[in-house]
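Data first, discussion second: the structure below is written as structure tokens.
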Amino acid sequence: MKTFQSVAVLPFPRDSVARTIRDDLQNLVPLLTDIRAITPVERKKNAGGTLLLVNRWETFIKVPQAVREAAGKPIAWLDYATWTADGNCSWKVEPGLFTERIQCAGQTRFESAMGGRGTRIAFAGSIDVGLSGVASATQLAVISVVEFLAVGVIPRNFQRLAQAARQYLAENER
């Protein structure tokens, strides 16, 4: 299992930042250079005040030929995000490739910063790639590349998402 984490600080109040990332995600796509689309799949309010959001992300990211051939389609994943009443988020990513072998999950926490005028977003997660029973050296190579890419790409995409939220809020301040 590999872990990853990242932190960003935005000069906007916590509630505005969390609400933008939770409710306006599709509006951030034009500001995310590696993301082709974010498509809402499900939005469900659960008992106890939690909100389940499922979004399908599709990327422009360049991947090795072997990964492209294994995928046979655009690189995409499902993001299952459970937002608590206090505005924090636990998430799980289900990749469109080797779904049965890759487990990826984490949390995003939004904390007041800068005397309440800003937000510190702490993002942390892990990815575990099951290699037992891998049928071929090619499969092993592809899965290893996917894990390597995920550990680098996921935190980088988080930083880009935070910057997109910053730009969006600056242009559409609430």
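The values are calculated or read from the model by the stated rules, or taken from the named source; none is laboratory data. Note that the coordinates shown come from a computational prediction; the quantities given were computed from them, not determined experimentally. Quick reminder, even Gly has a Cβ in these numbers, built from the backbone with ideal geometry, and neighbours come from all protein chains shown.
One table, with the values for the structure above:
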{"read-out": "Residue 104, sole failed condition from (1) in contact with a Ser or Thr (Cβ under 8 Å, 6 or more places away or on another chain); (2) under 25 Å from residue 34 (Cβ atoms); (3) modelled with pLDDT of 95 or more", "value": "(3)"}
{"read-out": "Residues satisfying the stated conditions in segment 67-90, i.e. surrounded by 14 or more Cβ atoms within 10 Å (Cβ to Cβ) and modelled with pLDDT under 90", "value": "67, 68, 70, 71, 75, 76, 77, 87"}
{"read-out": "Scope segment 1-38; condition part of a helix (DSSP H, G or I) and touching a Phe, Trp or Tyr at 6+ places or on another chain (Cβ under 9 Å); matching residues", "value": "14, 15, 17, 18, 20, 21, 22, 27, 28, 31"}
{"read-out": "Residue check for residue 34: in contact (Cβ under 8 Å) with a residue 40 or more places away in the chain and over 16 Å from residue 156 (Cα atoms)", "value": "no"}
